[in-house]
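To keep things clear, I will list the structure first and then write my remarks on it.
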Amino acid sequence: MGGMSAPELIRIVSRDSPMALAQVERVRAELAALHPHIRTEVVPVKTTGDKWMGDLSQVEGKGAFTKEVDAALLAGEADLAVHCVKDVPADRPLPAGTTFAAFLKRDDIRDALVHPGGLGLDQLPSGTRIGTSSVRRVAQLAASHPHLQCVPFRGNANRRLEKLAAGEADALLLAVSGLERIGRADMITEVLSPEVMMPPIGAGILALQCRQGDTALIETVSDLGDPDTHREATAERMFLHVLQGHCNSPIAGYAKAERGGELSLRACVFTPDGKTVLNAHEWAGRLDPATLGTSVAVSLLRQGARDLIDSIAH
């Protein structure tokens, strides 16, 4: 510790969506369990991405959900930010002066089908309208279930469930972990295996971000980190960084730390119509996680991933 005293109050900044606030409550609970004497308070901010209901690429893509949160951290209005790793752009570094202090134990990485009639994905009749704006989901469905029709759906998970109930789509694809966080896991009709619907990079991982100089805070919250999740996140983010993917890129993949400690990374790049799918799957062996991420990215680049990614408007 070197004589550093733990902070008495930690101000946690977050998007003001129900999902984001639920994530903050998980962090507060874990902090309270480890450091009962530390008080926490929540600083909610409204982000561009939450206010903007159009195409994300028009508001700087994924950074739309993190910019205002980063600003609060850098301005000293808050001490700690909670992010879904999948929402933090990997094609550029974290804002200068900030760092990830911990990656929490990973939640479920899988996608769920929500169908009011209780049908599984393979049972859905031709022309069924699936509500999703994720290029990753659209591309994979186009490849595996071309008879289904995707309709653009934005808004937080609660809002999407409302739109589904209002008949704006016949079914939805949502992250299992997201539905669990907002207490709506009862809506899940079928949990899709990663082989059927490969997750986005960073799925199910919450990261704690703070100012680089806050060493006492970093020391305090690093106890919340999970070593396996840290290795998985490091491999996945380096993979995305080397590929220079952006939020309109149909890229999917996940790293997995096996019980024996061996790390693997499986990843895909698709054309939006799902007609071309590039695949790679490697084991780390003696490589560190970042090198594994680099190696898998290079494997996809050798297969032509660069042209594929660059041909998509962003």
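Since every read-out is calculated from the coordinates, none of them should be taken as a lab result. Fair warning: this is a prediction, and the values are worked out from it, not measured in the lab. Glycine gets a Cβ as well: all are built from the backbone with ideal geometry, and neighbour counts include every protein chain shown.
One table, with the values for the structure above:
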{"read-out": "Charge dipole (debye, nearest 20) of the stretch 156-314; +1 at Cβ of Lys and Arg, -1 at Cβ of Asp and Glu", "value": "300"}
{"read-out": "Per-pair calculated FRET efficiency, R0 = 51 Å: Gln303 and Ala216 via Cβ, rounded to 0.05", "value": "0.65"}
{"read-out": "Bins of 5 Å from zero: percent of alpha-carbon pairs in the stretch 187-226", "value": "6, 16, 18, 14, 12, 10, 10, 9, 6, 0"}
{"read-out": "Positive-pole candidate from Asn156, Ala139, Leu124, dipole of the stretch 111-192, charges at beta carbon", "value": "Asn156"}
{"read-out": "Above-threshold pairs, the threshold being 27 Å between Cα atoms, out of Lys163/Lys275; Lys105/Lys163; Lys46/Lys86; Lys67/Lys275; Lys46/Lys256; Lys46/Lys275", "value": "Lys163/Lys275; Lys105/Lys163; Lys67/Lys275; Lys46/Lys256; Lys46/Lys275"}
{"read-out": "Linear extension gain, Leu21 paired with Gln149, 0.36 nm per residue minus alpha-carbon span", "value": "42.9 nm"}
{"read-out": "Positive dipole terminus of the chain, leading residue within Gln23, Val13, Val196 (C-beta point charges)", "value": "Val196"}
{"read-out": "Among Gly245, Gly120, Gly225, residue whose mean-square fluctuation peaks in a GNM of the chain (springs only between Cα atoms under 10 Å)", "value": "Gly120"}
{"read-out": "Antiparallel DSSP beta bridges within the stretch 111-192, as percent of all bridges there, nearest 5", "value": "60"}
{"read-out": "Modelled FRET efficiency - R0 41 Å, Thr276 with Glu168, Cβ distances, 0.05 increments", "value": "0.85"}
{"read-out": "Global form of the stretch 111-192, assessed from the alpha-carbon gyration tensor, a/c cut-off 1.5", "value": "rounded"}
{"read-out": "Cα-centre dipole for the stretch 236-310 with unit charges at Cβ (Lys and Arg positive, Asp and Glu negative), debye to 20", "value": "80"}
{"read-out": "Chain lengthening between Ser311 and Ser5 when straightened (0.36 nm per residue, less Cα-Cα)", "value": "105.0 nm"}
{"read-out": "Cα-based helix-to-principal-axis angle, 18-34 vs the chain, degrees rounded to 10", "value": "40"}
{"read-out": "Förster radius 35 Å - calculated FRET efficiency between Ala71 and Ser126 (Cβ-Cβ, nearest 0.05)", "value": "0.15"}
{"read-out": "Label point distance in nm, Lys46-Ala29, each placed 7 Å from Cα along Cα→Cβ", "value": "2.9"}
{"read-out": "Extended-chain gain in nm, criterion 0.36 nm per residue less alpha-carbon gap, Gln244 and Asp288", "value": "13.8 nm"}
{"read-out": "Projected area, mean over directions - the chain, Cα convex hull, nm²", "value": "16.4"}
{"read-out": "Percent antiparallel among DSSP beta bridges (both partners in the chain, rounded to 5)", "value": "70"}
{"read-out": "Dipole magnitude (debye, nearest 20) for the chain, charges at Cβ of Lys, Arg, Asp, Glu", "value": "400"}
{"read-out": "Centroid-to-centroid separation of the stretch 181-196 and the stretch 85-135 [C-alpha atoms, Å]", "value": "11"}
{"read-out": "Helix-only CD estimate at 222 nm, as mean residue ellipticity for the chain, using -39500 (n - 2.57) per DSSP H run (n ≥ 4)", "value": "-9000 deg cm²/dmol"}
